[in-house]
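In what follows, a single structure is set out as structure tokens and then discussed.
The values are calculated or read from the model by the stated rules, or taken from the named source; none is laboratory data. Owing to the predicted nature of the structure, the values given are computational and were not obtained by experimental measurement. Please note: Cβ atoms are built from the backbone with ideal geometry, for glycine as well, and neighbour counts cover all protein chains shown. When the accessible area is computed, the model is the full protein with side chains, heavy atoms only, and any ligands, DNA or RNA have been set aside. Shrake-Rupley method; radii C 1.70, N 1.55, O 1.52, S 1.80 Å.
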Amino acid sequence: MSRNTNEISEKKSDLDFIKCGLDMDCEKQEPIKAEFTYEEALVNIGFGRVQLYVLIVSGICLMAVINETVGMSIISLSSLCDLETDTQKRAILSATGFIGIFLSSHMWGYLADTTGRRNVMMISVFISNVFSLLSMFASNYWLFVVLRFFSGVGISGPSACVYAYIGEFNTNKYRPVITNYASFFVGLSNIFIPAVPWIILPNAEWSFSIFGWLDFRPWRLIILCYLLPGFIGACCLKKFIPESPRFFLARGRDQEALDIIHWIYETNTGKPKETCEIKRLTPEATPEHIESIANKKTCTEIIKSMWNQTAPLFKPPYLLYYSMCCTVEFGLFFIGGMGLWYPEISNRLGNNEDSSSYVCEIIGESEKAHLVMDDFNVTMSRMLENCDDTIKTQTYFDTMTIGFVYVIGYVIIGFIINPLGRKAVLAMCIFGSGIAGLVLHWVNDPLTIVIAFALFIALPGLCISIIGGIVCDLIPTHLRGMAVCICLMLGRFGSVVGSNVIGLLINTHCILTFYLFSGFIIFCGVLTLFIPS
């Protein structure tokens, strides 16, 4: 058998030789390429099922992030009787998850760059689900706040590295579109959040006792529904999706990266891995970096390592462009602070009898605005005495409408981002938001005011994923998770700052407030023009 095989091989070699002799261009043919850079390997394999799997699973994890944070706006209202909360306590409860995310983002970013994106996403979502599940059975307000804080600490993990994880499975050609469509799930979550209580809460007066001291009411069931995407996402990561091969390559684990590349090839093409022409990947890790990874670290060395993971981001060659990205991210969330106040502003606009009034005339620049808020607080105090935690059906529809706006916006951006380019789309959205903010001061038609507010608030939100994709392109793999998490952390700080600035200025300096916000987002738009494509 072996002899026959050798004879066939020799005959084939002779035929190739004869063919080459007849082919005048034979000597110009290049040998088959065996070593590929990571980007070349992905281009060679092509876009396929693996990229779609990663997109869907990562999107579900993003839904978990939104559910665990924004979902508290519904939970805090529907639980006010059981937890005996007033307006201030509900504000603390809604902010608790964001505080947990803000304080833990740096840690998760470090772990994403040192232990892997997939591991961080699985473990952090699991931690969040555990504390979220425990919060279902919290019998008093402060215990509930503490458990929600730790749920926020956990859910910070996916938000710190999900865009880096998605980006590392896609080529430069598809990365902007895929990261944008990952944010499509943020819009779905904003529909999911009000849809669940709309189904559960209306006419739901049921209650049953657990352990003899806890009344299990419908709002506790909503918490369980909100954590389901996180549970599904973590299970899918564990069962179906591997670690980012780019992460292994950056850690000097080239063979593990190559094994995953071969798995991607098999899954996308349906062909056995033996037919894959990618036999080696170009190493990316330096010997010094591999040696530093191999050394076990004490607590002090871990802190030093975290600093070493952070400091390069704010030094050349990354300092200038990364600082620009962080400033723009801060600005996007800064405008998001206006979104937190929009229900109150919208309520004042709706109560106005004069349809020809300007926004700042309606809001008021005198002490009358303060009296409105005082009256509102008095009303809430009286409500607590005769407790009613019913939420109007219209509230659910209004909230779902915002989710639909985000979904439509992400779909449109998905179609135009490649033809126009990320930077062009980013600049258009940011400048559009700034112009809408300036227009708000000069229009008095109710419909135009609503449209201008929607553009002013929504357009920056659509850009958050674009900035995340740009950061992933600017920063190398071994720093990427940290870079994204710090950028998002500064962005969330911008939301806190924006909300407080509005609280300080909107009643007494309304015009200045809109000029300040519009001017700052336009400044961020100018910065985007200098960020590399």
Looking only at the stretch 179-187, decide whether some residue is surrounded by 24 or more Cβ atoms within 10 Å (Cβ to Cβ) and either charged (D, E, K, R) or within 28 Å of Phe137 (Cα to Cα) (or both). no
In the stretch 475-492, the residues that are open to solvent by 20 Å² or more (accessible area, probe 1.4 Å) and modelled with pLDDT of 80 or more: Pro476, Met489, Leu490
Only residues that are open to solvent by 50 Å² or more (accessible area, probe 1.4 Å) and of a type outside the set (Ser, Thr, Tyr): list them for the stretch 499-521, please. Asn500, Leu504, His509, Ile511, Leu512, Leu516, Phe520
For the stretch 68-87, give me the residue count where each residue is surrounded by fewer than 18 Cβ atoms within 10 Å (Cβ to Cβ) and within 15 Å of Phe149 (Cβ to Cβ). 0
Odd one out for Leu447, checked against (1) part of a helix (DSSP H, G or I); (2) touching a residue at least 60 places away in the same chain (Cβ under 8 Å); (3) surrounded by fewer than 21 Cβ atoms within 10 Å (Cβ to Cβ): (2)
Out of all the residues in the stretch 432-442, is one or more β-branched (Val, Ile, Thr), surrounded by fewer than 20 Cβ atoms within 10 Å (Cβ to Cβ), part of a helix (DSSP H, G or I) and at pLDDT 80 or above? yes
Please go through the stretch 217-257 and give me each residue that is among the aliphatic types (A, V, I, L, M) and either surrounded by fewer than 21 Cβ atoms within 10 Å (Cβ to Cβ) or within 18 Å of Ile166 (Cα to Cα) (or both), ordered by number. Leu221, Leu224, Leu228, Ile232, Ala234, Leu237, Ile241, Leu249, Ala250, Ala257
Just to check your reading of the model, which residue among Phe517, Phe523, Phe530 is over 30 Å from Glu243 (Cβ atoms) and out of contact with any helix residue (DSSP H, G or I) (no Cβ under 7 Å at 6 or more places or on another chain)? Phe523
Looking at the stretch 111-149, which of its residues are of a type in the set (Phe, Trp, Tyr), open to solvent by 20 Å² or more (accessible area, probe 1.4 Å) and more than 15 Å from Ala64 (Cβ to Cβ)? Phe137, Trp142, Phe149
Being closer than 22 Å to Phe456 by Cβ and modelled with pLDDT under 80 is true for just one of Ser346, Ser366, Ser381. Which residue is that? Ser346
Cross-chain or 6+ apart pairs with Cβ under 7 Å, the stretch 399-423 first and touching a residue at least 12 places away in the same chain (Cβ under 8 Å), then of a type in the set (Asp, Glu): none
In the stretch 490-532, what count of residues is obtained for those that are over 21 Å from the mean Cα position of the chain (by Cα), within 20 Å of Ile467 (Cα to Cα) and small (Gly, Ala, Ser)? 2
Evaluation of Thr179 against (1) within 28 Å of Ser533 (Cα to Cα); (2) β-branched (Val, Ile, Thr); (3) more than 16 Å from the chain's Cα centre (by Cα) (one fails), failing number: (3)
Got a number for residues in the stretch 250-276 being outside any helix (DSSP H, G or I) and under 13 Å from Gly46 (Cβ atoms)? 3
Do the conditions hold for Ser159, that is, is it crowded, with 23+ Cβ neighbours inside 10 Å and either in contact with a Ser or Thr (Cβ under 6 Å, 6 or more places away or on another chain) or among the β-branched types (Val, Ile, Thr) (or both)? no
Answer with yes or no whether Leu455 is in contact with a helix residue (DSSP H, G or I) (Cβ under 8 Å, 6 or more places away or on another chain), over 22 Å from Phe98 (Cα atoms), open to solvent by 40 Å² or more (accessible area, probe 1.4 Å) and free of Cβ contacts under 8 Å to residues at least 24 places away in the same chain. yes
One residue is enough: does the stretch 104-125 have a residue meeting the conditions under 19 Å from Val50 (Cα atoms), aromatic (Phe, Trp, Tyr) and at pLDDT below 85? no
Do we find that Cys472 is open to solvent by less than 10 Å² (accessible area, probe 1.4 Å), closer than 24 Å to Gly339 by Cα and either in a helix (DSSP H, G or I) or out of contact with any strand residue (DSSP E or B) (no Cβ under 9 Å at 6 or more places or on another chain) (or both) in this structure? no
